[in-house]
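The values are calculated or read from the model by the stated rules, or taken from the named source; none is laboratory data. What you see is a predicted model, and the numbers here were worked out from it, not measured in a lab. Quick reminder, even Gly has a Cβ in these numbers, built from the backbone with ideal geometry, and neighbours come from all protein chains shown. Side chains included, ligands, DNA and RNA excluded: accessible areas come from the protein's heavy atoms. Shrake-Rupley method; radii C 1.70, N 1.55, O 1.52, S 1.80 Å.
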Amino acid sequence: MTGDESVQRMEFMLTLRRRGITDQAVLRAMDEVPREHFVDSRFADFAYADQAMPIACGQTISQPYIVAYMTEQLQARSNHRVLEVGTGSGYQAAVLSRLAREVISIERYRTLADAARARLKTLAYNNVEVISGDGFAGEPSRAPFDRIIVTAAAESVPQALTDQLAEDGIMVIPLGPPEGHQELARLTKTKGGWLQRDNLIPVRFVPLLPGKAREL
């Protein structure tokens, strides 16, 4: 790591702490995952800037603070199985892999799924499995999941994901219309199967789309 890269990493971690990320396990995970491998090569010099960046298929890699905040709110532990909806570049899955026993990640764009799978394998994130599929449907054959994280905005909570969340499980999901107000929500599944909702912060995410992309 060069001197400039070291300074960038230090500023990156300081920014997360200043913005209120306090979970030490989450901070370690953010520090361990090399973000420069997950952004478009054109933006590698800015990998640790606290901003979202475009990736292929019209998608984005979320700004580091949002990744850390969502991860902190998810409260993933070492015995948990996590379902991620929206693999993107694989960055969020890599962070989660440092905290959870297993991460299953679904991506509707085959191009992104294939690239993320190869990237995660190269970097030896061996407890992550990337599936090309429909995020709205989840992965019922692997349910229930202790935690579910959705990295695109839905107008309402997909019923399939609710069904696949374990009792006492937590789901973190952006809710709201594509062009309107979106709120990051934390949903906790009670013993009776009800979802207790806590609204967290306003966010802006690409929309969660049903189905599997045909051409990409």
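Listing for the model above:
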| quantity | calculated |
| --- | --- |
| Failed item, numbered, when E84 is tested on (1) within 19 Å of L187 (Cα to Cα); (2) touching a Ser or Thr at 6+ places or on another chain (Cβ under 7 Å); (3) assigned to a loop (DSSP other than H, G, I, E, B) | (3) |
| Selection count, the stretch 30-62, where residues are assigned to a loop (DSSP other than H, G, I, E, B) and open to solvent by 20 Å² or more (accessible area, probe 1.4 Å) | 10 |
| Out of S156, S141, sole residue that is hydroxyl-bearing (S, T, Y) and either more than 16 Å from S105 (Cβ to Cβ) or under 18 Å from the mean Cα position of the chain (by Cα) (or both) | S156 |
| Residue check, Y65 farther than 29 Å from T162 by Cβ and either modelled with pLDDT of 95 or more or in contact with a helix residue (DSSP H, G or I) (Cβ under 8 Å, 6 or more places away or on another chain) (or both) | no |
| Output for the stretch 1-29, where each listed residue is among the acidic types (D, E) and open to solvent by 70 Å² or more (accessible area, probe 1.4 Å) | D4, E5, E11 |
| Number of the condition not met by V67 [criteria: (1) among the hydrophobic types (A, V, I, L, M, F, W, C); (2) buried (at least 22 other Cβ atoms within 10 Å of the Cβ); (3) farther than 13 Å from Y91 by Cβ; (4) without any contact (Cβ under 8 Å) to a residue 40 or more places away in the chain] | (3) |
| Residues of the stretch 95-119 that turn out to be part of a loop (DSSP other than H, G, I, E, B), touching a residue at least 40 places away in the same chain (Cβ under 8 Å), under 20 Å from S141 (Cβ atoms) and not small (G, A, S), as a count | 1 |
